[in-house]
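Worksheet: one structure, shown below.
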Amino acid sequence: MTPEPIVVHISDVTSFKACRRKYAWSSRYHDNLEPKRPYAPFFTGSAVHHVIEELRSDGTAPLTSLAVYLRQQLVTMRGDKPMWLVERPAIRQQVKLIRSMIEQYVAWTKGNRGPFADINMESLAHECTFGPPSDVSSGDNSRGEKDFPGVLLKVDGKVLWPPVMLAGKFDGLERRKDDGSTWLAEYKTCRSVPERAKLLQHDEQATAYVYAAGQLMGEPVAGIVYTLIRKKIPATPKILKNGHLSSAVNIDTTVHEFRKSIKRHYGPQVSESFVQKQFGEVLANLAAFGEPFVARVAIERTQKQLDLFVKELHQTVLEMYDPQTAMYANRTWSCPGCWFRQPCLARDAGDSMREELLLTSEFRPRQIIDYIEDPDKM
């Protein structure tokens, strides 16, 4: 009798590799826990991601879709009154950040050119979910979202044994108009666009989705087109004692935001000759050397890379589901930012009562919603 395949999400695999103890607490196939307190990066990333998807799929105005999204989210958050009182100031700051990030994205898309610019890409599907029926709904909807079956891990057309089924959700599929190649579309938020770009070659989640998309579409997927959006509000130039705006070049902002400040200060009818005379140097410096707030990066994946990845993924999944595998902690410099830091410290101290108290009072069953696959999504 053929065994039922093991179902796995790549987010669980990366969590397992990072820290087995955190994986056991957070995985939907184990304790399935998340903090009761809203987690700002998830909130920010999911909001930006939602607005971009609405804009790309059906042209909904960004501020309109953001208002609807925030209304739904904030009603839920207000229901937890003690947490809402604590988190309200931080959430207000996040909403301000979200609006700025969306504005920078929209401004950037209007000027972006090249083979991977929006005008040169044809959208094939949005929000593609794949997996067994328990993980996905059925059918397509009006926004172009698609549900697909799970993907068995194969190499050279042969199913690896025992069978493992990959499930998950990727942002979309797009085709380049010039050469017809198919690409996975992924949106991610980050603190630094250049630093995040350096890590994209090591993105196991996107590699898994390239493999899955190729299997589902029945054609090779060339790679991933990432849209990176920086989680920062651009700075505005200072007003000097003489009443003019500062033209200092060491300002962390965008050309779009700087020009907005000029019009806001000098009036919407300010002449371009005045702008160039007063601020031409700083605008040129920002265009040439300013740290980007939005960027698009394409990363290719060869069939050889995918085959090696699938083999390693299969081995890792078997280890994850082996009852003899120890779920120990991986103690690193990133531990202070972990959700489970306090219960983890309690376990290390042998204080099982405090560990249990923390897990029951500070955590709840995890809500399986869009952004769970990746906290930086959007």
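Would you pick out the residues in the range 30-64 that are within 23 Å of S11 (Cβ to Cβ), assigned to a loop (DSSP other than H, G, I, E, B) and modelled with pLDDT of 85 or more?
H30, D31, N32
Can you name the residue in the range 205-243 that is among the aliphatic types (A, V, I, L, M), touching a residue at least 40 places away in the same chain (Cβ under 8 Å) and assigned to a loop (DSSP other than H, G, I, E, B) and, of all such residues, is nearest to T44 (Cα to Cα)? Walk me through it before giving the result.
First, pick out the residues of the range 205-243 that are among the aliphatic types (A, V, I, L, M): 206, 208, 210, 212-213, 216-217, 221-222, 224-225, 228-229, 233, 235, 239-240.
Of the ones still in play, those that are also touching a residue at least 40 places away in the same chain (Cβ under 8 Å) are 206, 208, 210, 212-213, 216-217, 221-222, 224-225, 228-229, 233.
Filter once more, so that each one left must be assigned to a loop (DSSP other than H, G, I, E, B): 221-222, 233.
Working: V221: 29, A222: 30, I233: 13 Å.
The selected residue is I233.
Filter the range 147-172 down to the residues that are under 18 Å from Q303 (Cβ atoms), assigned to a strand (DSSP E or B) and in contact (Cβ under 8 Å) with a residue 24 or more places away in the chain and list them by number.
Across the range 147-172, the qualifying residues are V151, L152, K154, V155, L166.
Please enumerate the residues belonging to the range 79-118 that are modelled with pLDDT of 90 or more and β-branched (V, I, T).
I98, I102, V106, T109
Got a number for residues in the range 117-129 being under 21 Å from the mean Cα position of the chain (by Cα) and either of a type in the set (S, T, N, Q) or not assigned by TED's automatic domain parsing to the domain that holds A208 (or both)?
2
Yes or no: V255 surrounded by 16 or more Cβ atoms within 10 Å (Cβ to Cβ), under 18 Å from M101 (Cβ atoms) and in contact with a strand residue (DSSP E or B) (Cβ under 6 Å, 6 or more places away or on another chain)?
Working: surrounded by 16 or more Cβ atoms within 10 Å (Cβ to Cβ): yes; under 18 Å from M101 (Cβ atoms): yes; in contact with a strand residue (DSSP E or B) (Cβ under 6 Å, 6 or more places away or on another chain): no.
The answer is no for V255.
Just need a number here: residues in the range 334-363 that are aromatic (F, W, Y) and within 18 Å of T14 (Cβ to Cβ).
2
The values are calculated or read from the model by the stated rules, or taken from the named source; none is laboratory data. The structure presented is a predicted model; accordingly, all values stated were derived computationally and were not measured. Here Cβ is always computed from backbone atoms with ideal geometry, including for glycine, and neighbour counts include all displayed protein chains.
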